[in-house]
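Colleague: For reference, the structure I am asking about is given below.
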Amino acid sequence: MTAVLGVGLLALIAVSALALVRTDDPTSLVISLSFYGLLLALMFFLFRAPDVALAQITVGAIALPLMVMLAITRMKHREATQQRKKKQP
Amino acid sequence: MKRNHRLLLFAVGALGMAFVYCAGARNLPPWGQYRGPYGDAIAQLAVYQRHATDTVNAVTYDYRGFDTLGEEFILFSAVTGVMLLLRPEKGKSGEDEEPTNPASFRDRAALSETVQVFTTAIFGFSVLFGIYMATHGQLTPGGGFQGGVILAAAPMLLYIAENTDAFQRIVSHPLVEFFEGVGAAGYALIGVAALTMGAAFLTNVIPLGKTGDVFSSGTIAAISACVGVEVAAGFTLVIFEYLREILSHRKGGEE
């Protein structure tokens, strides 16, 4: 039973990793990254490593996507500010 | 380089990779089995020696506590680096820059009430869960690092719910920087405390207590709490540094 679940999960991880690298839009990328992180956490849990699973949830599914999202927000904000400056010299 | 050449180069690389991978995977232990003397030894010794039921944290915060101290300061210097890079130069920005209308870069769709209610409702829960995780690392899976990240992510729920004022009051609080330092220093000081008692650096010198209690396992619980404080404050600082400009503009736009 566990073996079937494990193989299924590993296959799902492989598919979502492929989907992750083929995502172009940065915002969708963050969502895929978070989903991928969650799948990895599930895998660690299934392989009886709950500590690693918790670290993976917090880092892979929360902290990393959050940092990427924050960086994107900041860049968009910078662009908006600079365009405004150009318009009113 | 022509397409054929590139494909040939890829084929050579892929074949080599496949060979090395198969050679590596051939000798893996069977599904769900573990071959290593140290894991079994630690699993049998940790409860007896350290009164900690979560062996993983007994290893990270005690048996190899010195490595974790190094990792702790990697995070500390990373946070410091982000702050150095993102902190606005004094007197340069903010005064001559025109405040941007926040609506120009925000998502156009209005925030749904469901998101607002849900995020506000789980805010308290996630703070509590973060504290629980950071203080129960010695008993159950989790620990200071995980708890700290959960604690730092909690204010982001307020930001998502567009309760921006409350979010800003939390993340821009001057005590956040203080706690970042206290957490990092606390870990090192617990190690030094052992030195003053004549033991080696980071020796578990605090009384171990009763196995299964919150206040058990000596320095493991104390270090886990320190790490929790440091990680929570560190991540909060990084989040604030990223959003500082946007927050100040949003405020300027309203006034």
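Colleague: Are any of the residues in region A:22-35 within 13 Å of chain B (Cβ to nearest Cβ) and of a type in the set (Lys, Arg)?
Modeller: Within region A:22-35, none of the residues are within 13 Å of chain B (Cβ to nearest Cβ) and of a type in the set (Lys, Arg).
Colleague: Do we find a residue being hydroxyl-bearing (Ser, Thr, Tyr), in a loop (DSSP other than H, G, I, E, B) and out of contact with any Leu (no Cβ under 6 Å at 6 or more places or on another chain) anywhere in region B:182-201?
Modeller: No, because not a single residue in region B:182-201 is hydroxyl-bearing (Ser, Thr, Tyr), in a loop (DSSP other than H, G, I, E, B) and out of contact with any Leu (no Cβ under 6 Å at 6 or more places or on another chain).
Colleague: Separate question: Show me the helices (runs of 4 or more DSSP H) found entirely inside region A:9-89 where at least 2 residues are within 30 Å of B:Pro88 (Cβ to Cβ). Can you show your working first?
Modeller: On the way: elements: A:26-46, A:50-56, A:64-87.
Of the helices (runs of 4 or more DSSP H) lying wholly inside region A:9-89, those with at least 2 residues that are within 30 Å of B:Pro88 (Cβ to Cβ) span A:26-46, A:64-87.
Colleague: To continue, here is another question. Quickly run through region A:72-84 and pick out the residues that are of a type outside the set (S, T, N, Q) and either more than 7 Å from chain B (Cβ to nearest Cβ) or crowded, with 20+ Cβ neighbours inside 10 Å (or both). Walk me through it before giving the result.
Modeller: First, the residues of region A:72-84 that are of a type outside the set (S, T, N, Q): A:72, A:74-80, A:84.
Across region A:72-84, the qualifying residues are A:Ile72, A:Met75, A:His77, A:Arg78, A:Glu79.
Colleague: Give B:Ile206, B:Ile246 a once-over and let me know the one that is farther than 17 Å from B:Phe76 by Cα, of a type outside the set (S, T, N, Q) and touching a Lys or Arg at 6+ places or on another chain (Cβ under 9 Å).
Modeller: B:Ile246
Colleague: If a residue has to be in a helix (DSSP H, G or I), buried (at least 19 other Cβ atoms within 10 Å of the Cβ) and within 12 Å of another protein chain (Cβ to nearest Cβ) to count, how many in region B:115-171 make the cut?
Modeller: Number of matching residues: 18.
Colleague: Among the candidates B:Arg35, B:Arg50, B:Arg6, B:Arg26, which residue alone is touching a Phe, Trp or Tyr at 6+ places or on another chain (Cβ under 9 Å) and away from chain A (no Cβ under 14 Å)?
Modeller: The conditions single out B:Arg50.
Colleague: Follow-up. Pick from region B:169-186 the residues that are small (Gly, Ala, Ser) and in contact (Cβ under 8 Å) with a residue 60 or more places away in the chain: which of them is nearest to B:Leu69 (Cα to Cα)?
Modeller: Out of the qualifying residues, it is B:Ala184.
Colleague: With more than 30 Å from A:Leu5 (Cβ to Cβ), of a type outside the set (A, V, I, L, M, F, W, C) and more than 25 Å from the chain's Cα centre (by Cα) as the only criterion, which of B:Arg64, B:Arg35, B:Arg6, B:Arg50 stands out?
Modeller: One residue alone meets the criteria, B:Arg6.
Colleague: Considering only region B:190-198, I want to know if a residue exists there that is within 14 Å of chain A (Cβ to nearest Cβ), modelled with pLDDT of 80 or more and closer than 29 Å to B:Val171 by Cα.
Modeller: Checked against the condition, which is being within 14 Å of chain A (Cβ to nearest Cβ), modelled with pLDDT of 80 or more and closer than 29 Å to B:Val171 by Cα, region B:190-198 yields no hits at all.
Colleague: Next question. Looking at the structure I just gave you, is B:Ala221 closer than 22 Å to B:Thr60 by Cα, surrounded by fewer than 18 Cβ atoms within 10 Å (Cβ to Cβ) and either touching a Pro at 6+ places or on another chain (Cβ under 9 Å) or at pLDDT 85 or above (or both)?
Modeller: Criteria not met by B:Ala221.
Colleague: Give region B:29-73 a look and list any residue that's in a helix (DSSP H, G or I), hydrophobic (A, V, I, L, M, F, W, C) and farther than 26 Å from B:Cys226 by Cβ, or say none.
Modeller: Selection gives B:Ala41 alone.
The values are calculated or read from the model by the stated rules, or taken from the named source; none is laboratory data. Quick caveat: nothing in here was measured; it's all calculated off a predicted structure. Positions of Cβ are backbone-derived with ideal geometry, glycine not excepted, and every protein chain shown enters the neighbour counts.
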